[in-house]
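Worksheet: one structure, shown below.
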Amino acid sequence: MRSEPPQHPGMDRDPGYGQRHTPFYSQPDIRIYELNKRLQQRTEENLREDSDNLWWDAFATEFFEDDATLTLSFCLEDGPKRYTIGRTLIPRYFRTIFEGGVTDLYFTLKHPKESFHNTFITLDCENTTMTTHHGKPMFTKVCTDGRLMLEFTYDDLMRIKNWHFAIRQHTEMIPRSVIAMHDPAMLEQLSKNITRQGLTSFTLNYLRLCVILEPMQELMSRHKAYGLNPRDCLKTTLFQKWQRMVAPPANTERPPSKRRKRKASQSGQGSGNSNNQSGGGGSKKKFPTAGRKRSAESDLVLPLDEFGESHDL
């Protein structure tokens, strides 16, 4: 039996006119309501591999920015954990929740605090509950409590740029009729939690895998774009990163200033030489002038030599 997420008072139906058109989202909590409604529209016909991928990609495109990040922080038996994934891995994250036996998922926000800025809107809800209904191995309702911090873009789409859910605790609830069965084997199974901090084993394994997949996104995109083998992709990526590290800043103007100084010194030296020649002792003053000219040229060559030697490495 599917349950409906909490209804928002401003998103009802007009009698006789059908559902209202989607308005401009002026409040972030309405956007979360729409996210819950979209999750409720996921039906059994979307469980095929190809169509399910397209559905989750469309879901992430509707509610998340192209450079969005999703962060989960919680504490397990072996210590605190914090996982951050990028936009390309967000669709798969939501999909793993349902692959772990979840049939319904929605978020409930109590007394959220909103703050408007020039280009984005932040929502901070200290009391957020992520509710999931599990059908396997038996019906279980899991309520995961925590703090939800969101950052929305301040435009017509109003998509999520940053998502951070800090989990504090979770509660697993089962029907009373199951306990009344008095089956020892069943009671032993009921005494074990089916989630860890409200997250299924599918989701936790995926988050651990994302720690490895996230740094490899650039390599995989390069392999897909240019058809290079993994070793060449790694060499090219590392070389470009090294070039960005050793390359001088783009706004530097030291070489032009040196050229201007050298021209000024040459003109000054030329005037001095002409004065010396007019005095009759110009032939003896040429050696210091040539020495200063060579030192100026060597100052210009040194940075090029240093850059050339580093480039060869």
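Observations
- Residue 126 - accessible surface, heavy atoms, 1.4 Å probe, Å² rounded to 10: 90
- Between amide H atoms placed 1.01 Å from N, distances below 5 Å from residue 194 occur with no residue 5 or more places distant or on a separate chain.
- Heavy atoms of the protein chains alone define the surface here; on that basis region 67-213 has 51 Å² accessible area per residue at 1.4 Å probe size.
- Computed label-point distance, nm, for sites residue 54 and residue 73 using a 7 Å Cα→Cβ extension: 3.9
- Here the accessible area of region 59-189 is 54 percent carbon and sulfur, with a 1.4 angstrom probe and all protein chains present.
The values are calculated or read from the model by the stated rules, or taken from the named source; none is laboratory data. What you are looking at is a predicted structure, and each value in this text was computed from that prediction instead of being measured. Cβ atoms come from the backbone with ideal geometry, glycine included; neighbour counts cover every protein chain shown. We work out accessible area using only protein heavy atoms, side chains counted, and drop any ligands, DNA or RNA first. Shrake-Rupley method; radii C 1.70, N 1.55, O 1.52, S 1.80 Å.
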